[in-house]
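Worksheet: one structure, shown below.
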Amino acid sequence: MNYLDILRDKFKIEQFRGVQKEVLDALLEGRSVFSLMPTGTGKSLCYQMMAFLKPVDQMVLVVSPLIALMQDQVLKAKNLGLKAACINSSLSLSERGSVQKKIANHEIDILFVTPERFKKSEFLEVLSKVQVSLFVVDEAHCASLWGHDFRPEYSKLNQFIQLCHNPPVLALTATATPVVQIEVCKILGLNYPGAMILGGIERPNLAIQVSDTYGETEKFELMFKKLQEFGTDSGIIYFSLIHTLEKFSQFLFSKKIHHTKYHGDLPGNVRRRHQNDFISGKDQLILATPAFGLGVDKANIRFVFHTEIPSTLEAYFQEIGRGGRDGLPAQAILFYDQEDVSIQMQFLDWAYPDEAFIRKVYDLIQTYPAKVSVDGFDFLREQMVFKNKRDYRVNSAVSILARWGNLEEDETPFGFKTAEPLSNDLFSQENQSALKKEHQKKLLEILRWAQNADDCRLNQIYKYFGHQHNSDCGICDVCLNAH
Ligand code: ADP
Ligand code: MG
């Protein structure tokens, strides 16, 4: 079967979208590709299609950043009729054994793993028994230190590509500035700009609005008013601080507005349940911290609100990109209060805790596993005496440790347990103070963006990503005011 037949018969889709065809043609010629495609346009289809087209005894390997996403990716591939599986720490020993046996027997078309998996010798062993036809790096911006979601294990992927005997590579992302594109190509051993297939980043159905507010009370009231305009439509409200999220949740509760929540203080299993309830449509409104949403494919999100200014334009564009994936209009509103900028400055300090702090958190988790599994963050915070009650360096330290693979997810209320001992390398390799400086520059950029009411909001973002676009969007607050 050629890919057009498969598109119709398996995907039930009549035609390719954006640069899907171009990407597939390049891959079928055996070339490696780094493709930038707008959020929600169908990056997954490229590697799913390749899983249909590969030789029967080979396998497509997809590296993906989050365990939480994998179950969904596996399910979608299975629904298409592919033999799909994932391997991660949430599988039981026997489940893992069964998947590994299938891989060795060439009974898997497409396998999803996190990059941490390559550290396990049993995985490398089974990998040596099958030929990888295509090495896919999903959310490839995670490989760059200068991207907005750096994961250290991603920066070692070239090594793993070689381990798989250098198959063609397909790197995919929706958000990468030119600097990030170049760095990712270097890390993955791809040719820049030769490997690039730019599908653009345009999301013309997103209507952006920056709404000036003063003080929390006014802001909450305004958000409530806007919420009512959307009735029972599906939407996400992002918060920088869990504290504010909870406060707004109370406020909505008093107004009898049903909603669900997603943030780091909720136990892992609760967080996952809330995410699934939102994706399935059981809940229409979710209040979330930025931890929510990477890879979430829900078509009908009609609005994405930001209660505070996010810390980078990359993060902002990725977050609002979850709206309107069905192509229908979606509104993005940033409730902007100059006062919040100081929160972001403080946030930056907390987001990059120093070495001693990270070590102490790790030691506590290691020394008191029982206490931590039950009382989690409360216990940790209690131990790390704080002046400011909202100080969430503990949360930052935990997510840094999880990123580094020193903690791994488990089913306890806390959601993590220690995995690998802390190495000194990580601290020197990931220079926290240089990262912090770069992050400060990015914060300045998004502030400039929020305050610039002279140029089309969307065009300013395109420009930031090095993307040329000539006409204004016509639907952002700046464009509407100009008319
Ligand atoms: P992303 O690019 O953000 O990773 P996904 O791969 O999750 O997006 O795809 C988003 C949705 O678009 C999926 O539901 C998928 O079935 C759909 N889709 C992909 N390609 C096409 C196409 N050519 N025509 C119509 N729908 C498509
Ligand atoms: Mg995706």
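Taking the range 189-231 as the range and being within 26 Å of the chain's Cα centre (by Cα) and under 19 Å from residue 260 (Cα atoms) as the test, the residues that pass are 223, 227, 230.
Please indicate, with yes or no, whether at least one residue in the range 307-314 is hydrophobic (A, V, I, L, M, F, W, C) and either at pLDDT below 90 or within 16 Å of ligand 2 (Cβ to nearest atom) (or both).
Restricting attention to the range 307-314, the residues satisfying the condition of being hydrophobic (A, V, I, L, M, F, W, C) are 309, 313.
Keeping just the survivors that are either at pLDDT below 90 or within 16 Å of ligand 2 (Cβ to nearest atom) (or both) gives none.
No, every residue in the range 307-314 fails to be hydrophobic (A, V, I, L, M, F, W, C) and either at pLDDT below 90 or within 16 Å of ligand 2 (Cβ to nearest atom) (or both).
Please indicate, with yes or no, whether at least one residue in the range 24-34 is buried (at least 19 other Cβ atoms within 10 Å of the Cβ), at pLDDT 95 or above and over 19 Å from residue 3 (Cα atoms). Yes, because at least one residue in the range 24-34 is buried (at least 19 other Cβ atoms within 10 Å of the Cβ), at pLDDT 95 or above and over 19 Å from residue 3 (Cα atoms). For the range 81-114, the candidate set comprises residues that are aliphatic (A, V, I, L, M) and free of Cβ contacts under 8 Å to residues at least 12 places away in the same chain; within that set, the residue that is most open to solvent (accessible area, probe 1.4 Å) is 93.
If the condition is being more than 22 Å from the chain's Cα centre (by Cα) and in contact (Cβ under 8 Å) with a residue 24 or more places away in the chain, then the range 350-366 contributes 354, 355, 357, 358, 359, 360, 361, 362, 365, 366. Taken together, the residues in the range 267-296 that are within 23 Å of residue 150 (Cβ to Cβ) and under 16 Å from the mean Cα position of the chain (by Cα) amount to 11.
Would you mind finding the one in 283, 297, 265 that is touching a helix residue (DSSP H, G or I) at 6+ places or on another chain (Cβ under 9 Å), within 16 Å of ligand 2 (Cβ to nearest atom), open to solvent by 10 Å² or more (accessible area, probe 1.4 Å) and not small (Gly, Ala, Ser)? Give the derivation first.
Working: 283 fails: within 16 Å of ligand 2 (Cβ to nearest atom); 265 fails: within 16 Å of ligand 2 (Cβ to nearest atom).
Testing whether each residue is touching a helix residue (DSSP H, G or I) at 6+ places or on another chain (Cβ under 9 Å), within 16 Å of ligand 2 (Cβ to nearest atom), open to solvent by 10 Å² or more (accessible area, probe 1.4 Å) and not small (Gly, Ala, Ser) leaves just 297.
Restricting 299, 330 to residues that are at pLDDT 95 or above and within 16 Å of ligand 1 (Cβ to nearest atom) narrows the list to 330.
Applying the set (1) part of a strand (DSSP E or B); (2) farther than 30 Å from residue 317 by Cα to residue 420 leaves exactly one unmet item: (1).
Matching residues to (1) open to solvent by 70 Å² or more (accessible area, probe 1.4 Å); (2) among the polar types (S, T, N, Q); (3) free of Cβ contacts under 8 Å to residues at least 60 places away in the same chain:
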site: 392; (1), (2), (3): no, no, no
site: 403; (1), (2), (3): no, no, no
site: 406; (1), (2), (3): no, yes, yes
site: 410; (1), (2), (3): no, no, no
site: 417; (1), (2), (3): yes, no, yes
site: 426; (1), (2), (3): no, no, no
site: 433; (1), (2), (3): yes, yes, no
site: 444; (1), (2), (3): yes, no, yes
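In the set (1) modelled with pLDDT of 95 or more; (2) more than 17 Å from residue 137 (Cβ to Cβ); (3) small (Gly, Ala, Ser); (4) within 16 Å of ligand 1 (Cβ to nearest atom), residue 51 fails one condition alone, (2). Every test in (1) near ligand 1 (Cβ under 10 Å from one of its atoms); (2) touching a helix residue (DSSP H, G or I) at 6+ places or on another chain (Cβ under 9 Å); (3) within 30 Å of residue 192 (Cα to Cα); (4) touching a residue at least 60 places away in the same chain (Cβ under 8 Å) is passed by residue 42 save one, and that test is (4). Residues in the range 185-221 that are closer than 29 Å to residue 50 by Cα and touching a Gly at 6+ places or on another chain (Cβ under 8 Å): 199, 200, 203.
Residue by residue through the range 155-194, note down the ones that are away from ligand 1 (no atom under 16 Å from the Cβ) and in a loop (DSSP other than H, G, I, E, B).
164, 165, 166, 167, 168, 177, 189, 190, 191, 192, 193, 194
For the range 159-175, indicate whether the set of residues that are farther than 23 Å from residue 24 by Cα and open to solvent by 20 Å² or more (accessible area, probe 1.4 Å) is non-empty. Scanning the range 159-175 turns up at least one residue that is farther than 23 Å from residue 24 by Cα and open to solvent by 20 Å² or more (accessible area, probe 1.4 Å). The requirement of being open to solvent by 50 Å² or more (accessible area, probe 1.4 Å) and either at positive phi or not in a helix (DSSP H, G or I) (or both) is fulfilled nowhere in the range 59-80; no residue meets it. Just one of (1) within 23 Å of the chain's Cα centre (by Cα); (2) closer than 30 Å to residue 71 by Cα; (3) open to solvent by less than 50 Å² (accessible area, probe 1.4 Å) fails for residue 249. It is (1). Among the residues of this structure, residue 17 counts as one that is in a loop (DSSP other than H, G, I, E, B), out of contact with any Phe, Trp or Tyr (no Cβ under 8 Å at 6 or more places or on another chain) and within 15 Å of ligand 2 (Cβ to nearest atom).
The values are calculated or read from the model by the stated rules, or taken from the named source; none is laboratory data. Worth saying up front: this structure is predicted, and the values here are computed from it rather than measured. FYI the Cβ positions are ideal-geometry reconstructions off the backbone, even for glycines, and counts take in every protein chain you see. To get the accessible areas, we keep the full protein, side chains included, count just its heavy atoms, and leave off ligands, DNA and RNA. Shrake-Rupley method; radii C 1.70, N 1.55, O 1.52, S 1.80 Å.
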